[in-house]
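Below you'll find the structure, written out as structure tokens, and then a few comments.
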Amino acid sequence: MGWNIKGNDRLISEINITPLTDVMLVLLVIFMVTTPFIMTESFKIKLPKASTSDAEPGKGAVLAINEAGVISLNGRNIPSDELYSELKKAFDSGVDKNVVIKADGNTRHGVIVKALDTAKLAGATKLSIATEREAKR
């Protein structure tokens, strides 16, 4: 039962980083795959088409309104009666005071007008309505 320990034999105490590297690569892949799902809007919107449509009209608060009239502020669904307070809170926290309305083409006109009016009352300085570029004939 004697152990043969010589003076030249040293204990190797290194950290094996291979498992750490494997775990980090797996996490990187998971984040790369899930990020596009997180960054998309909470519901699908079919924007109306316009021949004079510009590219994305700047930064600021983005109000998305679907066909049923459900409102989303910067990707987070909110009740329509809380729109003023949420916009005011966003503007007070430093969000650019530009508001972009992304409304479905079949959304009722009254819902869009109410959202525009509420945004103006909350302190919006520039209001824009997002559209898709119409195909050239």
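The values are calculated or read from the model by the stated rules, or taken from the named source; none is laboratory data. Just so you know, these numbers come straight off a predicted model, no measurement behind them. Cβ placement follows ideal geometry from the backbone for every residue including glycine, while neighbour counts extend to all protein chains displayed.
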Practice prompt. Taking the residues in the range 29-65 that are in contact with a strand residue (DSSP E or B) (Cβ under 9 Å, 6 or more places away or on another chain) and either among the aromatic types (Phe, Trp, Tyr) or modelled with pLDDT of 70 or more (or both) as candidates, determine which candidate is farthest from Val99 (Cα to Cα).
Written response: Phe43
Item to complete: Those residues that are farther than 14 Å from Lys59 by Cβ, in a loop (DSSP other than H, G, I, E, B) and out of contact with any Asp or Glu (no Cβ under 9 Å at 6 or more places or on another chain), I need them from the range 94-137; list them, please.
Response: Glu134, Ala135, Lys136, Arg137
Discussion item. With the requirement that a residue be surrounded by 15 or more Cβ atoms within 10 Å (Cβ to Cβ), part of a helix (DSSP H, G or I) and of a type outside the set (A, V, I, L, M), what does the range 72-87 give you?
Written reply: Tyr84, Glu86
Item to complete: Would you mind stating whether Ala68 is among the small types (Gly, Ala, Ser), touching a strand residue (DSSP E or B) at 6+ places or on another chain (Cβ under 8 Å) and on the phi < 0 side of the Ramachandran plot?
Response: no
Discussion item. Looking only at the range 96-127, count every residue that is of a type in the set (Gly, Ala, Ser), buried (at least 17 other Cβ atoms within 10 Å of the Cβ) and touching a Pro at 6+ places or on another chain (Cβ under 9 Å) and tell me the total.
Written reply: 1
Worksheet item: Which residues, taken from the range 70-103, are over 18 Å from Ser128 (Cα atoms) and in contact with a Gly (Cβ under 9 Å, 6 or more places away or on another chain)?
Response: Ser80, Asp92
Worksheet item: If only one of Ser85, Ser128 is at pLDDT below 85, over 25 Å from Phe37 (Cα atoms) and among the small types (Gly, Ala, Ser), which one is it?
Response: Ser128
Discussion item. List pairs: first residue in the range 72-84 and at positive phi, second residue among the charged types (D, E, K, R) anywhere in the structure, Cβ distance under 8 angstrom, at least six positions apart or on different chains.
Written reply: Gly75/Glu41
Worksheet, complete the sentence: Among (1) in contact (Cβ under 8 Å) with a residue 40 or more places away in the chain; (2) touching a Phe, Trp or Tyr at 6+ places or on another chain (Cβ under 7 Å), Glu67 falls short only on (2)
